[in-house]
1. Can we say Val79 is more than 15 Å from Leu140 (Cα to Cα) and modelled with pLDDT of 90 or more?
2. Does Asp96 fit the bill of being surrounded by fewer than 13 Cβ atoms within 10 Å (Cβ to Cβ) and touching a strand residue (DSSP E or B) at 6+ places or on another chain (Cβ under 8 Å)?
3. Starting from the range 84-111, keep only residues that are over 17 Å from Cys126 (Cβ atoms), then list their pairs with residues that are modelled with pLDDT under 95 and assigned to a loop (DSSP other than H, G, I, E, B) whose Cβ atoms are within a distance under 6 Å, requiring at least 6 positions of separation or different chains.
4. Just the residues that are closer than 16 Å to Leu53 by Cα and either touching a helix residue (DSSP H, G or I) at 6+ places or on another chain (Cβ under 6 Å) or not aromatic (Phe, Trp, Tyr) (or both), please, taken from the range 105-119.
5. Mind listing just one residue for me: the one in the range 27-59 that is at pLDDT below 90, in a loop (DSSP other than H, G, I, E, B) and surrounded by 13 or more Cβ atoms within 10 Å (Cβ to Cβ) and, of those, farthest from the chain's Cα centre (by Cα)?
6. Which members of the range 74-93 meet the condition of being under 13 Å from Pro45 (Cα atoms) and either exposed (fewer than 14 other Cβ atoms within 10 Å of the Cβ) or among the hydroxyl-bearing types (Ser, Thr, Tyr) (or both)?
Amino acid sequence: MKTFGAGWPHGSLLTVAALLLSACAGGLNVGASGGAEQGGIHAYPDNYRAEILAGMHAYLNDPTGIRDAAISEPTLKDVGSGTRYVVCLRFNGKRDNGNYAGIKQIEAVFLAGRFQEFVDAPREPCQTATYAAFPELEQLKR
């Protein structure tokens, strides 16, 4: 039995190195649902609704009494220098004085399947997103 080192042929070392690099880098996997990459930084955010709700507590001064809440499905989008899953949100929240501010549109950005940040000035695909009611957002408590 040969030990790892000078006795290994150069081709074997290259093969081992290639296997180690490919294991670390991962590859494009298409899931059963036909979705995009399921691992790495582009992992689908399975718990996106719960993570958005948790993030809204920190994002909003007063998370109670939200009206007209709507949410889109996660969509892969170019964000900054990379591609991330983005979820578009629309809602009417309260200002500091308790009055409603009017409909606001933001996007939630996900990295490796986890909530990363809210973006206040969303562009495409939020302008043309298909929204569904998001009653959980309207039921937030302090």
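The values are calculated or read from the model by the stated rules, or taken from the named source; none is laboratory data. What you see is a predicted model; the values in this text were computed from it and never measured. Using ideal geometry, Cβ is built from the backbone for each residue, glycine included, and neighbour counts are taken over all protein chains shown.
1. No.
2. Answer is no for this residue.
3. Lys94/Asp62; Lys94/Gly65; Asp96/Asn61; Ala101/Arg95
4. Gln105, Ile106, Glu107, Ala108, Val109, Gly113, Arg114, Phe115, Gln116, Glu117, Phe118, Val119
5. Top of the filtered list is Asn29.
6. Within the range 74-93, Thr75, Tyr85 qualify.
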